[in-house]
Amino acid sequence: MVELDRLKLELKNLNTEYAKIREIAPEKRAEFGRKINAQKQDILERIKMAEQAMLDVEVEPLDITAPCAPNEELPQVYSVFDGSRHPLMTELDRVVEIYQLMGFDVVESRQLDDEYHMFDSLNFAKEHPARDGYDTFRTEEDLIPPAHTSTMQHRVLKANRKKLEQGKEIAVVVPGRVFRNEDVDATHEHTFYQCEGVYVSRDCNMGQMLGILREFFEKYYGQKLEIRTQPGYFPFTEPSLEFLIEKPKTLGGKKGDFLEMLGCGMIHPNVLKMAGIDPKEYHGFAWGGGIDRLVMLKYGLDDVRYFESGNLNFLKEFK
Ligand code: DAH
């Protein structure tokens with residue numbers, strides 16, 4: 001038993017002992033009481049010390065990189081040697097690789113960000129209801145686990161604006177983990193992945209953006225695709241579009257079965273301005289879309305919750 005528990009039990013027994021005072025001859029009660037009280041003080045003192053000692057215990061740092069031996073007692077399925085990469089990570093690599101082959105640099109997003117990068121720098125007006133559309137989590141310190149990878153746009157633009165002056169373009173993709181305070185169901189997760197694209201040059205246009213997106217989706221699914229756009233709304237693009245692809249026949253799609261894959265548009269002049277880029281001289285386009293959805297379509301998955309489930313049978317199918 002832990003020392004503290006033992007002492008508490010001792011104290012309880014002592015109280016039982018004290019109750020016996022009624023059975024003792026009246027002239028001996030005072031001495032009996034004093035003896036029990038002294039013991040009680042002693043135990044209370046030791047409880048205090050034991051509690052303090054527990055607070056003082058130094059927790060040994062856990063070295064999660066240390067090698068560990070396979071544990072014979074665990075069922076085979078949990079063996080440390082049985083692990084494999086998470087399918088989303090494998091697919092995210094594939095996504096990034098396709099963009100890299102087109103000449104895009106890669107910057108990773110962060111898992112904790114702030115109000116400025118989540119909203120202000122993206123031209124969301126203060127108190128604008130569009131802020132509510134992102135179901136953001138907040139920490140007690142008012143930091144924000146990003147609800148989209150667009151949080152990185154301002155940083156990417158600012159860090160690369162010198163390139164524009166040197167006559168080069170900005171071409172960056174940002175893969176990252178994002179979080180939303182949503183009710184989880186087959187098509188919604190609180191934690192998922194997105195990939196953002198940002199492109200700025202003197203004379204880029206929407207046609208080029210659609211060309212890049214078509215190229216990406218055709219490479220990823222390994223076939224020619226029908227694409228379509230429809231009007232959208234994002235405070236950080238003007239005009240804004242939603243980009244759809246026709247669900248490939250090989251993946252169970254029928255003619256006219258279009259799926260929305262991402263949001264995109266021409267970067268709003270205010271967003272460029274806030275990053276120190278003159279919107280009269282330079283233009284940009286940007287897009288961002290979910291990786292989970294992309295992968296679900298590729299593998300015919302009907303429930304996004306598999307990804308975060310830790311279900312080993314599911315994960316093993318992707319080894
Ligand atoms: N961040 C948006 C979302 O998560 C998607 C998006 C739309 C990203 C337009 C962009 C963009 O970069 O230009 O809903």
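Select from Ile47, Ile36, Leu7 the residue farthest towards the positive end of the dipole of the range 1-47; place +1 on Cβ of Lys and Arg, -1 on Cβ of Asp and Glu, and compute about the Cα centre.
Ile36
Per-residue HN-Hα couplings for the range 168-178, Karplus 6.51 cos²θ - 1.76 cosθ + 1.60 at θ = phi - 60°, whole Hz, x for Gly and Pro?
9, 9, 9, 9, 9, 10, 10, x, x, 8, 10
At 0.36 nm per residue, minus the direct Cα-Cα distance, what do Met206 and Thr90 gain on full extension? Give it in nm, one decimal, please. Before the final figure, lay out each step's value.
Values: separation 116, 0.36 × 116 = 41.76 nm, distance 3.00 nm.
Between Met206 and Thr90, full extension yields 38.8 nm more.
Please give the length that would be gained between Val57 and Glu317 if that part of the chain were fully extended, namely 0.36 nm times their separation in residues minus their C-alpha to C-alpha distance (nm, one decimal). Show your work: numbers first, answer last.
Values: separation 260, 0.36 × 260 = 93.60 nm, distance 4.39 nm.
Value of the extension gain: 89.2 nm.
Just the accessible area for Glu141, please: 1.4 Å probe, Å², rounded to the nearest 10?
130 Å²
Give me the percent relative contact order of the range 140-258, please, defined on Cα pairs under 8 angstrom at least 6 residues apart. It would help to have the intermediate numbers written out before the result.
Values: 134 pairs, mean separation 19.1, N = 119.
Across the range 140-258, relative contact order equals 16 percent.
Measuring with a 1.4 Å probe in the full set of protein chains, what accessible area per residue, in whole Å², belongs to the chain?
60 Å²
How large, in percent, is the carbon and sulfur part of the accessible surface of the range 87-316 at a probe radius of 1.4 Å?
Working: 5340 of 11160 Å².
Roughly 48 percent of what the probe reaches on the range 87-316 is carbon or sulfur.
Probe 1.4 Å, all protein chains in place: accessible area of Asp5 in Å², nearest 10?
For Asp5, solvent-accessible area is about 80 Å².
Of the beta bridges DSSP finds with both residues in the chain, what % are antiparallel, to the nearest 5? Kindly include the intermediate steps, with their values, before the conclusion.
On the way: 37 of 39 bridges.
Expressed as a percentage, antiparallel bridges in the chain total about 95.
Quick one: check the C-alpha center-to-center distance for the range 247-277 versus the range 161-230, whole angstrom.
So the two Cα centres are separated by 7 Å.
FRET efficiency for Leu44 and Lys255, Cβ-Cβ distance as r, R0 = 51 Å, nearest 0.05?
0.05
Could you pull out every residue, at least 5 positions away or on a different chain, whose amide H is within less than 5 Å of the one on Gly232? Hs are placed 1.01 Å off N in the peptide plane, and Pro or chain starts have none.
Sorted by chain and number, the residues that satisfy this are Ser240, Leu241, Glu242.
At a 10 angstrom cut-off on C-beta neighbours, averaged per residue, how do the peptides 14-24, 217-227, 188-198 rank from highest to lowest?
Averaged packing, sorted descending, gives the order 188-198, 217-227, 14-24.
Going from most exposed to least, what order do Val156, Val106 have by accessible area with a 1.4 Å probe? Walk me through the numbers before you get to the answer.
Details: Val156 5, Val106 55 Å².
So, going from the largest accessible area down, we get Val106, Val156.
Give me, ordered by chain and number, the residues 5 or more places off Asp105 or on other chains with an amide H under 5 Å from its own placed amide H.
Amide H to amide H, under 5 Å and 5 or more residues apart or across chains, Asp105 pairs with Ala171, Val172, Val173.
Provide Lys298, Lys158 ordered by accessible surface of protein heavy atoms (probe 1.4 Å), highest first.
So, going from the largest accessible area down, we get Lys158, Lys298.
Charges at C-beta only: +1 for Lys and Arg, -1 for Asp and Glu. How large is the resulting dipole of the range 87-316 about its Cα centre, in Debye rounded to 20?
Result for the range 87-316 is approximately 880 debye, rounded to the nearest 20.
Relative to 2.2 N^0.38 Å, what does the C-alpha radius of gyration of the range 2-58 come to as a ratio? Two decimals please.
With N residues counted in the range 2-58, Rg over 2.2 N^0.38 Å equals 1.40.
Report ³J(HN,Hα) in whole Hz for each residue of the range 223-235, in order, from the Karplus equation J = 6.51 cos²θ - 1.76 cosθ + 1.60 where θ = phi - 60°; Gly and Pro get x.
Karplus-based 3J(HN,Hα) across the range 223-235 equals 6, 5, 9, 7, 10, 8, 10, 9, x, x, 9, 9, x Hz.
Quickly estimate the mean residue ellipticity at 222 nm for the chain, helices only: each DSSP H run with n ≥ 4 gives -39500 (n - 2.57), and the total goes over all residues, rounded to 500.
Here the helix-only value at 222 nm equals -11500 deg cm²/dmol.
Would the range 87-316 count as rounded, prolate or oblate if I go by the C-alpha gyration tensor, calling it rounded below 1.5 in a/c and otherwise prolate when a/b exceeds b/c, oblate otherwise?
In terms of gyration-tensor shape, oblate.
The values are calculated or read from the model by the stated rules, or taken from the named source; none is laboratory data. Bear in mind that the values here come from a model prediction, so they are computed numbers and not experimental data. As a convention, Cβ positions derive from the backbone with ideal geometry for all residues, glycine included, and neighbour counts pool all protein chains shown. What goes into the accessible areas is simple: the full protein's heavy atoms, side chains included, and nothing from ligands, DNA or RNA. Shrake-Rupley method; radii C 1.70, N 1.55, O 1.52, S 1.80 Å.
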